[in-house]
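No value in this document is a laboratory result; all are computed from the given coordinates. Computed from a predicted model, the values in this text were never measured in an experiment. Every residue, glycine as well, gets a Cβ built from its backbone with ideal geometry; the counts of neighbours run over all protein chains shown.
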Amino acid sequence: MVTPSDGARPAAAGRAPSGQGGPGQRHAAGDGRAGGAPLLRLRGLGKRFGPVQALSGVDLDVPAGQVTALVGDNGAGKTTLIKCVAGIWEPSEGEIIWKGHPVHVRTPRDASALGIATVYQDLALCDNLDIVQNMMLGHEPRKFGLLDEVAMELTARRTLADLAVTTVRSVRQTVGSLSGGQRQSVAVARAVMQEAQLVIMDEPTAALGVSQTELVLALITRLAQRGHAVIVISHNLNDVFRVADRIAVLYLGRLVADGPAAEFDRQSVVDIMTTGTSLRRGSGASSREGALPAAPDTGWEV
């Protein structure tokens with residue numbers, strides 16, 4: 001069960017009206033959150049696995065109606081961070097603040113109840129089921145004790161049309177017959193259909209061709225235009241700079257830099273990912289750059 005620590009209840013999930021604008025110009029719709037409190041705030045978030053400190057003191061704001069790119073080298077803590085938000089692992093320390101209220105997210109069901117959906121790299125789709133069945137899995141409407149197939153298909157069609165997903169031949173074709181980009185679209189549409197307000201996407205363009213990558217990037221942009229908050233984890237900096245409004249960089253389990261995407265360039269992001277700092281930045285310094293974690297004392301002189 002989700003338990004806000006101050007007694008607040010999770011607000012009902014709702015669909016925000018669509019908006020316009022490119023990266024850095026989109027705003028949350030419906031509740032005035034753009035320019036106000038972020039949809040999600042992490043404060044001092046940490047995660048330990050025995051003696052291993054995987055995350056330490058992470059402070060991150062995720063606004064509605066914007067795409068936040070989470071980048072870092074392998075082992076930087078990106079997956080650990082999103083699994084803490086998604087309810088897979090409970091943080092060892094720190095606070096998760098949702099719509100201004102501290103909450104405890106102990107299970108994926110807790111995250112879903114708040115309006116947080118995660119699309120993992122493996123997508124968690126059933127290849128032997130069709131698009132409608134995958135989108136409605138676990139949320140099937142019933143009529144007279146039987147599955148309401150008509151309502152299921154209409155809901156799936158409406159959600160795909162709202163997201164401008166037009167490349168699928170039929171909503172009754174099996175997911176196993178879809179391309180990589182189409183499968184991503186189905187996974188994202190399932191999250192939107194469940195009224196997710198924050199959609200987390202783990203390496204959404206990995207192993208996709210050029211045309212399928214374009215399809216997924218356009219879908220990410222449309223999600224933000226509709227007022228959803230989006231977190232994208234990606235190693236592809238070209239894709240990051242195509243869609244991101246904000247960039248957050250993790251290094252050795254710490255958030256060492258974050259700010260508007262316009263304040264970074266590719267080289268500065270690479271520098272921060274690999275060393276924890278950068279002497280060369282794009283059009284400006286990042287809004288927050290943390291100190292480089294101290295190296296452990298090994299007793300060796302260099």
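Numbers below:
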item: Nonlocal amide H pairs with Glu93, under 5 Å, H built at 1.01 Å; result: Gly46
item: Distance (nanometres) between label positions extended 7 Å along Cα→Cβ at Val150 and Leu279; result: 7.1
item: Nearest-0.05 FRET efficiency for Ser170 and Lys143, computed from C-beta distance (R0 25 Å); result: 0.65
item: Sparse-neighbour loop sites [trypsin sites (Lys or Arg not before Pro); region 148-195; at most 13 other C-beta within 10 Å; DSSP]; result: Arg169, Arg172
item: Value of Rg/Rh across region 123-194 [Cα atoms, Kirkwood radius]; result: 0.94
item: Net length gained if the chain between Arg266 and Arg157 were fully extended (0.36 nm per residue, minus Cα distance); result: 35.4 nm
item: Per-residue HN-Hα couplings for region 172-180 [Karplus 6.51, -1.76, 1.60; θ = phi - 60°; Hz; x = Gly/Pro]; result: 9, 7, 5, 5, x, 8, 8, 6, x
item: Interchain or long-range residues, amide H under 5 Å from Ile200's placed H; result: Ala117, Thr118, Val119, Ile231
